[in-house]
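Quick notes on the structure that follows.
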Amino acid sequence: MMSFHRVLHDERVWSFALVAPALVTVGLLFIYPLGFSAVSAFSAEEGGWTFANFIKAFDLYSNDILFTVVIVSLSTVLIGFFAIAIGGYLTLGENPYAVAILKWLYRWPLFIPFIVAAQLMRTFLAKNGLMNNLIVGSGLLEPMQTQSFLDWRGIVITFVWKQTPFVALLVAGAMASLDRSMIESARNLGASRIRILVEIILPQVRPTIVVGLILSFVVMMSVLSVPIMINAQTPTMLTVDMAFRINAYGDYGVANALGFISYLMTGVVAWIYLRQGVRQGAAP
Amino acid sequence: MTKLALMRTSVAVGLAIGMAGAVHAQTINVLTAGSQNMVDYVTDYLGPLFEEQNPGVTVRAAGTGPGDAGSQKIFEKLDAQMSAGSDAWDVDVAVVHQKMAGQMREADLLGSYRGDIATGDLVTRATAKMALGVDVDGYVMPMFHSQTAIAYNPDLVPDPPSTYEELKEWVAANPGQFGYNGIKQGMSGVSFVVGWMYAHSGQEDVLSGGPYDPALKDGWGDILAELKSFNENVTFTPGNAGTLDMLNRGEIVMGPVWVDMFYTWQADGRVAPNIKLKLIGPGMPGQPMYYIVPAKAANADLGKKFIELATSPTVQAEGIVKNFNWYPGIDAEHVEDSLEPADFDKLFADVTPDDLASKGKVFPIGPFFDDILESYERHVQN
């Protein structure tokens, strides 16, 4: 009885019991599939270990790998820029109406799924789509001068449109919770708003921005609907190739090799994220 | 009647009612691979019709997604139940693509049923017996036949090319005006590429009939290099629907489409009424969708009955030809009587039965199909 009581009072047992559901979920839904796909990436169809899947992946899809890195990185940079601009205006803007309207407007894309965003952009960005029709209608361009944005630019535009509000939401929150007195004193000393944003606010909310951008990077790496619906060109993104390997060939080996390459890319980003946490000596 | 007899009778009646209730509570599960219109066909038309004719039976229909991916999901579901050693699989009828039907047959996932149903001998086409080189005789019934063709705007192209060779010249003279969706964005583009291979390789017979020769693909470099330079003057479209959208917005004036999708969109007013179809030579592929009954379907008998209804001349005429603009799964002569001449002629207006017979090709056998797609990835997209 005594020992049982001791067990009941032992905090470690309780804390383990509390985290167990989370651990099991992570294990079953993340670690197990991750390990399974990694094993499949290195397995030959006829059994045994092989690099053949990776050789084929690089042979056929090296352009797509590069394309994916460039598109997602470019989108991440643009998302960072716009999120800071929106957060900055919400914090430092002087026209209360403009701030209220922006605050109300900027979150909308958050509630729109990627696939819906992609479908919207398909008709918006087409050569004779809504955007070009507006431009032509306003007399800025002749119909023959218009061009389709349904290529890499369409992917970037959709990603940025969809993910900026998410990062802006985090960044604006962090900016709002800063000590206003520092901003006020800078204003009193005559600093411009841009300077306050860049030299006072940004350094303080940097960790939040980095976290938001890393999460966006990982999300964009995993989106299939946007590249498949918008970009009909070659090269295309890795998710499209993975889907194609499975759907056209039933070939999970190469698909998982491509998945493994994606893990490596997000792994690098995750490493930056962790390093940032360690350097600050606190949980990221 | 003694009291005892009365009791016996009432017990028997009660049992009968109870059993009837049990019979009535049956549910059959129908999975459909393919675009939304095919799922709609089962949920909105065929399912309710079957329920009406079989009171108490519920048809539970679900779509597994467009293209080969949808069939792949059905394959994986059945394969998993077979591997688990289950004796009552929870799919009673499925609609699958041609390529997957062969694969399922080879994996012993299919039950033989065509000989058991009354409509089994209404189809004599080769597609009812062979699916891309695999003998599926008895295991499938074609739901419908589909065909790709080139859609064009006759106001802008009064004299459209009638062969791949003429198309090549036309595209060189009119850069950007022809559009197709590559091979990763849907089957109409895949079909166009397969037609290109048939036209230029001179290997159509072996590609679509076998035997498989892994060395054949080594000779395709030049043909695909030519396709790559052809592609430089092509506008790429995002998907089967994307080609029709771009045609309709006037961004391209020509492109390969599925005939059924084209007519359905035109009937809905989503494609301009003046756009026409042309099946170019030497030919473009089409494919049937198949009804299958899994080898260990829990309600196989109901499943067969469902397919019997689905392949009956009236349903094929009303549902397949009239409402959905597909070519019938059973032989056309059997549906002609159940249709108004105008409905029958509409389907064969641009693409005549002669065109279909001479230029309607089948897709290559599985391994060659994979080789064509992968060679395209290697030589054209890389």
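Every number here is computed from the coordinates shown, using simple stated rules; none is lab data. Predicted model, so just to flag it, every value in this text is computed and none were measured. Heads up, the Cβs are rebuilt from the backbone with ideal geometry, glycines too, and the neighbour counts pull from every protein chain shown.
Results, tabulated for the structure shown:
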read-out	value
At R0 = 45 Å, FRET efficiency that the Cβ-Cβ distance of A:I135 and B:N382 yields, to 0.05	0.80
Label point distance in nm, B:T124-A:W271, each placed 7 Å from Cα along Cα→Cβ	6.9 nm
Neighbour-count order for B:Y45, B:Y113, fewest beta carbons within 10 angstrom listed first	B:Y45, B:Y113
Neighbouring partner chain Cβ atoms per residue of B:69-77, average, 10 Å criterion	2
Residue-averaged [θ]222 nm for chain B, counting only DSSP H segments that reach four residues, each worth -39500 (n - 2.57)	-13000 deg cm²/dmol
For the stretch A:243-274 and the stretch B:225-250, distance of Cα centres in Å	29 Å
Amide H contacts under 5 Å for B:K361, placed H, 5+ residues apart	B:M284, B:G286
Rounded to whole Hz, the Karplus (6.51, -1.76, 1.60) HN-Hα couplings of the stretch B:99-104, x for glycine and proline	4, 6, 4, x, 5, 5
Karplus (6.51, -1.76, 1.60) ³J(HN,Hα), θ = phi - 60°, over the stretch A:191-196, in Hz, Gly and Pro reported as x	6, 6, 5, 4, 5, 4
HN-Hα J in Hz across the stretch A:33-49 - Karplus 6.51, -1.76, 1.60, θ = phi - 60°, x for Gly and Pro	x, 4, x, 4, 6, 5, 4, 4, 5, 9, 9, 7, 4, 8, x, x, 8
Whole-angstrom gap from the stretch A:176-238 to the stretch B:294-316, using each part's C-alpha centre	57 Å
Rounded, prolate or oblate (a/c below 1.5 giving rounded, otherwise prolate when a/b exceeds b/c) for the protein assembly as shown by Cα gyration tensor	oblate
Stretchable slack from B:D159 to B:A173, in nm (0.36 nm times residue separation minus alpha-carbon distance)	3.7 nm
Helical mean residue ellipticity (222 nm; -39500 (n - 2.57) per DSSP H run of 4+; nearest 500) of chain A	-23500 deg cm²/dmol
Rounded FRET efficiency, nearest 0.05, which uses the C-beta distance separating B:D222 from A:Q147 and R0 of 25 Å	0.20
Using a Förster distance of 41 Å, the FRET efficiency for B:S83-A:S222 (Cβ separation, nearest 0.05)	0.90
Theoretical gain in end-to-end length, A:V198 to A:A22 [0.36 nm per residue, Cα-Cα removed]	59.4 nm
About the Cα centre, charge dipole magnitude for the stretch B:95-164 (Lys/Arg +1, Asp/Glu -1 at Cβ), debye	80 debye
Neighbour-count ranking [beta-carbon atoms within 10 angstrom, fewest first] of A:M242, A:M221, B:M143	A:M221, A:M242, B:M143
Of A:V156, A:V13, A:V254, the one that fluctuates the most in a GNM where chain A has Cα springs shorter than 10 Å	A:V13
Full-stretch length increase - B:E166, B:A349 - with 0.36 nm per residue and alpha-carbon distance subtracted	63.6 nm
Fewest-first ranking of B:D92, B:D371, B:D331, B:D301, using other Cβ atoms within 10 Å as the exposure measure	B:D301, B:D331, B:D371, B:D92
Residue of A:D151, A:D251, A:D241 that the Gaussian network model of chain A assigns the largest fluctuation, springs spanning Cα pairs under 10 Å	A:D251
